[in-house]
Amino acid sequence: MFAPFILELRRAGVPSSLTEWLSLLGAMRAGVADYSVEDFYFLARAALVKDERYLDRFDRVFSQVFKGLEPPEGEETPLLPEEWLRKIAEKNLTPEEMAQIEAMGGFEKLMETLKKRLEEQKGRHQGGSKWIGTAGTSPFGAHGYNPEGVRIGQDKSRNRRATKVWDKREFRDLADDVALGTRNMKLALRRLRRFARQGEATELDLNGTIRDTAAKGGLLDIRMVAERRNAIKVLLLLDIGGSMDDHIRASEELFTAARAEFKHLKHFYFHNCVYEKVWTTNQRRQANMLPTNDLLRTYGPDYKLIFVGDGAMSPYEIIQPGGSVEHWNEEAGRVWMQRLRAHFRRSAWLNPTPEAHWRHTGSIGMLREIMEGAMYPLTLSGLDDMARTLVR
């Protein structure tokens with residue numbers, strides 16, 4: 001009964017083979033999708049589409065072939081997910097209404113106002129423009145909108161305009177086993193190479209063996225040498241969470257390529273800007289912090305320092321003590337960035353945001369100034385330019 005489906009996919013240019021089709025039928029026979037149209041859609045897409053370029057064609061063919069398909073008679077109509085119902089309660093403002101909401105008047109004024117609201121407010125509040133609550137236009141709370149505010153108790157960012165976030169934030173580590181899209185990155189990173197023979201002699205030295213054997217009148221004299229390895233040392237500092245959620249795929253591809261290319265690779269995580277501490281892992285990261293001063297003492301100036309982040313943040317996070325979105329930092333982010341650049345002889349910043357958008361974000365301009373122009377897009381040409389900067 002599904003034969004027209006595979007024929008239409010192939011007619012639309014989706015390269016689905018007979019092997020993939022048989023895999024789908026086998027999964028159906030095993031009851032993977034049961035009688036759910038939605039489950040069958042995801043199963044078929046996983047089995048038949050091996051390249052994301054064809055996802056749109058698959059969707060069009062699926063919609064055409066299975067148009068009008070209804071659930072079996074007697075099956076109850078599923079309830080709307082609770083998350084959908086919760087979103088209905090969120091207040092969505094028009095662009096004109098958003099334009100009328102002005103910032104609080106600077107970072108210090110924002111913190112002062114929040115302190116007063118905490119002292120005055122006695123209970124829960126929803127909607128409105130003053131109290132700490134939900135689904136309103138107040139600068140404080142969750143699921144609302146204000147161009148400059150403090151996000152409190154919200155599961156994730158919505159408008160990405162918070163100056164500070166007061167909540168326990170949990171991110172995940174980047175996977176280092178991503179295979180798709182890493183090959184070209186590996187080729188670009190190969191410019192960061194300086195080969196040396198180090199360690200125990202484990203490889204056959206063919207020329208030396210021939211020379212010494214000939215010198216001994218043909219008596220075999222095997223010579224061994226140490227393995228030839230890339231001696232370049234790389235320290236990777238990766239921005240995680242917030243607006244970087246949009247760039248997880250690109251970051252993981254870079255991380256995978258770097259892990260495969262460099263023997264001497266160390267990596268740590270930060271959020272938005274580097275301050276007095278970085279993280280060795282994002283799970284339970286409060287227990288896996290490394291003081292940035294210890295990082296400077298541990299890794300020498302011969303390491304190539306590479307920051308990876310989109311640079312999208314409030315300018316306060318770079319220039320203002322206490323401006324961190326997550327905690328109260330005694331020293332401004334700019335101070336720590338300058339210390340890192342002064343310690344490591346070669347450093348660069350990779351930005352996954354398209355370069356055409358950089359000029360519209362003030363914080364990116366600040367970071368480029370601190371990096372003295374050594375910011376490059378996370379593209380093949382950007383990796384190539386970065387490599388030239390780090391090895392010159």
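Rule-based calculations on the coordinates, nothing more; no lab input. The model shown is predicted, which means the values in this text are computed figures rather than measured ones. Every residue, glycine as well, gets a Cβ built from its backbone with ideal geometry; the counts of neighbours run over all protein chains shown.
Computed quantities for the displayed model
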{"quantity": "Highest to lowest packing among 334-345, 307-318, scored as the average C-beta count within 10 Å", "calculated": "307-318, 334-345"}
{"quantity": "Longest to shortest principal axis, alpha-carbon extents of region 1-63, angstrom", "calculated": "28, 22, 21"}
{"quantity": "Coarse-grained scattering of region 202-277 at q = 0.13, 0.14, 0.21 Å⁻¹, given as base-10 log I(q)/I(0) from a Debye sum over alpha-carbon atoms", "calculated": "-0.59, -0.63, -0.95"}
{"quantity": "Efficiency of FRET between residue 25 and residue 380 - r from beta-carbon atoms, R0 41 angstrom, step 0.05", "calculated": "0.55"}
{"quantity": "Region 320-358 residues near the modelled residue 369 label - backbone nitrogen below 14 Å, point 7 Å along Cα→Cβ", "calculated": "320, 333-335, 338"}
{"quantity": "Inter-label distance for residue 249 and residue 12, nm, one decimal - labels placed 7 Å from Cα along Cα-to-Cβ", "calculated": "1.8 nm"}
{"quantity": "Where chymotrypsin sites (Phe, Trp or Tyr not before Pro) fall in DSSP loop in region 13-54, at most 11 other Cβ within 10 Å", "calculated": "35"}
{"quantity": "Stretch gain in nm, segment residue 328-residue 64, where the contour uses 0.36 nm per residue and the Cα spacing is subtracted", "calculated": "89.5 nm"}
{"quantity": "Full-stretch length increase - residue 294, residue 221 - with 0.36 nm per residue and alpha-carbon distance subtracted", "calculated": "21.4 nm"}
{"quantity": "Region 259-345: relative contact order as a whole-number percent, Cα under 8 Å and 6+ apart", "calculated": "28 percent"}
{"quantity": "Rg(Cα)/(2.2 N^0.38 Å) for region 276-392, N = residue count", "calculated": "1.08"}
{"quantity": "Taking all pairs of distinct alpha-carbon atoms in region 261-343, Kirkwood radius in angstrom", "calculated": "13.5 Å"}
